[in-house]
Amino acid sequence: MRVGCDLVDLSRLPLENQAFLKGVLAPEELEIFQKRNDKREFLGGRFAAKEAYLKALGTGIRGRKLNSIKVLYDDNGAPYILDDGQTHAVSISHDGGYAYSVVIIA
């Protein structure tokens, strides 16, 4: 079993930088992002989840593009990670200007 976690300071996210957004969010996520009122929280949660996932894999961000990993919602609204056809559980929390995520890979 491997565990990864990540914490993101939401104030540091460049919401108007399209290159950054496209580098972090997959096309499906970018579509969801555009419709959200809580864009900063959404982006921070996705960034934290993807970083936590890569830490759980033991690879870090070397050689991976964050936008190749998707964080989507199941039918109950819970987030999950979709990567290379496999799904993984993820928890995302927001509080006081921060987003935090934990991923466990069994």
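Restricting to segment 52-71, what's the tally of residues that are within 20 Å of PHE20 (Cβ to Cβ), out of contact with any Gly (no Cβ under 8 Å at 6 or more places or on another chain) and open to solvent by less than 60 Å² (accessible area, probe 1.4 Å)? If you could, list the steps in order and put the result at the bottom.
First, pick out the residues of segment 52-71 that are within 20 Å of PHE20 (Cβ to Cβ): 52-54, 60-71.
Retained after the next criterion (residues that are out of contact with any Gly (no Cβ under 8 Å at 6 or more places or on another chain)): 60-64, 68-70.
Right, trim to open to solvent by less than 60 Å² (accessible area, probe 1.4 Å) and you get 60, 68-70.
Here the count works out to 4.
Please specify each residue of segment 60-73 satisfying the condition of being at pLDDT 95 or above and either more than 21 Å from LEU10 (Cα to Cα) or of a type in the set (Phe, Trp, Tyr) (or both).
SER68
Filter segment 72-88 for residues that are open to solvent by 70 Å² or more (accessible area, probe 1.4 Å) and of a type in the set (Gly, Ala, Ser) and give the result.
Narrowing segment 72-88 to residues open to solvent by 70 Å² or more (accessible area, probe 1.4 Å): 73, 75-76, 84-87.
Within segment 72-88, GLY85 is the sole residue that qualifies.
Any idea which of (1) touching a Lys or Arg at 6+ places or on another chain (Cβ under 9 Å); (2) aliphatic (A, V, I, L, M); (3) at pLDDT 95 or above is the one LEU57 doesn't satisfy?
The number of the failed condition is (3).
With respect to GLY97, determine if the residue is loosely packed, with under 15 Cβ neighbours inside 10 Å and either within 17 Å of LEU13 (Cα to Cα) or within 15 Å of the chain's Cα centre (by Cα) (or both).
Numbers: loosely packed, with under 15 Cβ neighbours inside 10 Å: yes; either within 17 Å of LEU13 (Cα to Cα) or within 15 Å of the chain's Cα centre (by Cα) (or both): yes.
So GLY97 passes the test.
How about segment 26-51: which of its residues are among the acidic types (Asp, Glu), more than 12 Å from the chain's Cα centre (by Cα) and open to solvent by less than 70 Å² (accessible area, probe 1.4 Å)? Explain how you work it out, then say what you get.
Let us first name the residues in segment 26-51 that are among the acidic types (Asp, Glu), namely 28-29, 31, 38, 41, 51.
This time we only want the ones that are more than 12 Å from the chain's Cα centre (by Cα), so: 28, 31, 38.
Scanning segment 26-51 gives a single hit, ASP38.
Check every one of the helices (runs of 4 or more DSSP H) wholly within the chain and list those with 1 or more residues that are in contact (Cβ under 8 Å) with a residue 12 or more places away in the chain and in contact with a Pro (Cβ under 9 Å, 6 or more places away or on another chain). Write out each step before concluding.
Working: elements: 18-24, 27-35, 39-57.
Counting at least 1 such residues, we get 18-24, 39-57.
The values are calculated or read from the model by the stated rules, or taken from the named source; none is laboratory data. Quick caveat: nothing in here was measured; it's all calculated off a predicted structure. As a convention, Cβ positions derive from the backbone with ideal geometry for all residues, glycine included, and neighbour counts pool all protein chains shown. Areas reflect the complete protein model, heavy atoms only, side chains present, ligands, DNA and RNA absent. Shrake-Rupley method; radii C 1.70, N 1.55, O 1.52, S 1.80 Å.
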